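Note sheet for the following structure.
Every number in this text was worked out from the coordinates using simple rules, so none of it is lab data. Owing to the predicted nature of the structure, the values given are computational and were not obtained by experimental measurement. All Cβ positions, glycine included, derive from the backbone under ideal geometry; neighbour counts span all protein chains shown.
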Amino acid sequence: MRFIVRVARCIALASVTAVTAGAQKPTDARDALVVSTTWLAQHLTDPNLVVLFLGDDNDYNKAHIPGSYNVQMEEFAVDDMSANGLMLEVLPADRLRDSLGALGITDRSRIVVYAGQGFLPWATRFILTLDHAGLGARTSFLDGGLPAWVKAGGAVNAIVPPKRKSELSSLQVKPVIVDAAFVKAHIGKPGVSIVDGRSPAFYTGASTGQGHAGPHRSGHIASAKNVPFDTPYTDDGFVRPTAELRALFDKAGVAPGDTVIGYCHIGQQATAMLFAARVLGHPVRLYDGSFEDWSRRPVAEYVVEASRAQTKP
């Protein structure tokens, strides 16, 4: 099995042609991005394999896949709780490299990320972080996560592997993280779909999100489509069949080959939607500040649409 992901290469404010270039072939993407419990069992002792758990600390401490590391998201994101700060922003490259290296990741590593029960968006956020770090072509999601592994009879233990000194080279950062200016510049552009990964009630404005500094605006970014973060997955954490994923994105108005710019409340839920988009072969970008940041923008310049309640400056 070959694990190759074709990625788009562009700079932050490139033309739409550059942004939409390099789409993955759908037939390649799923094999590269999603692995089964059977595959992992066959490769668990591979010398360059690194397995990473995203979930509840108590669950990890009781039982986890042998040799897997417990990823603490606070070590891989900046949470600025000041009045003007944003939550869950990607780390600077030098700090990110050190944190990844402490998990045993090297330039030769093949990485598998798995989720504990109910923690799928944490796992996909970390997968996107790895893609940002230039490691996306060597990173996969364990379909069904820890519950599927246990159900399949996979071995577990409570042994915690030691942290390591980083042997990872300087990161070759990919431009998958974008800001408000990038989003604004691509509203309504052909070949680009801005996609809201929040639940429908937040998208329509029936409910309003809340950040640490106060409530967000109601509604969604102008032109944004809605693919709720949990819809591409089954209730037990498996990625839906490719045909079902395509139907979800088609229904939302995302054309095959579109670059998908995703956002949610703070940049976590959207990563589950963006991972599904990658499975379909879409180039993806994450608006890391998401609606927490967008809500602070002047209405005259940064339009927000809501089906209910008028937005206020």
GNM flexibility winner over the chain from Thr45, Thr106, Thr204 (Cα, springs under 10 Å): Thr45
Taking region 78-138, the equivalent ellipsoid from its C-alpha gyration tensor has semi-axes in Å, biggest first, of 22, 16, 9
Place a +1 charge on the Cβ of each Lys and Arg in the chain and a -1 charge on the Cβ of each Asp and Glu, then give the dipole magnitude about the Cα centre in debye, rounded to the nearest 20. 660 debye
Correct option for Rg and Dmax of the Cα atoms in Å [calculated from the coordinates] among [x] 23.8, 77; [y] 20.3, 60; [z] 18.9, 57: [z]
Fluctuation leader among Gln72, Gln172, Gln268 - the chain, Gaussian network, Cα springs under 10 angstrom: Gln172
Apply the Karplus curve 6.51 cos²θ - 1.76 cosθ + 1.60, θ = phi - 60°, to the phi angles in region 69-84 and return the couplings in whole Hz, x for Gly and Pro. 9, 8, 8, 9, 4, 5, 7, 10, 7, 9, 10, 8, 8, 6, 4, 9
Surrounding net charge for Leu54, when Lys and Arg each add one and Asp and Glu each subtract one, Cβ distance under 13 Å: -4
For the chain, modelled as a Gaussian network with Cα springs under 10 Å, which listed residue fluctuates most, Ser82, Ser207, Ser170? Ser82
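Cα-Cα over 28 Å: which of Lys151/Lys225; Lys151/Lys174; Lys62/Lys163?
Pairs exceeding 28 Å: Lys151/Lys225; Lys151/Lys174.
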Can you grab the distance from the C-alpha centre of region 166-211 to the C-alpha centre of region 262-284, Å, no decimals? 8 Å
Please give the calculated 222 nm ellipticity per residue for the chain, where each DSSP H segment of at least 4 residues contributes -39500 (n - 2.57) and the sum is spread over every residue; nearest 500 deg cm²/dmol? -7500 deg cm²/dmol
Tell me whether region 128-172 comes out rounded, prolate or oblate; compute the Cα gyration tensor, take square roots of the eigenvalues as a ≥ b ≥ c, and use a/c under 1.5 as the rounded threshold. oblate
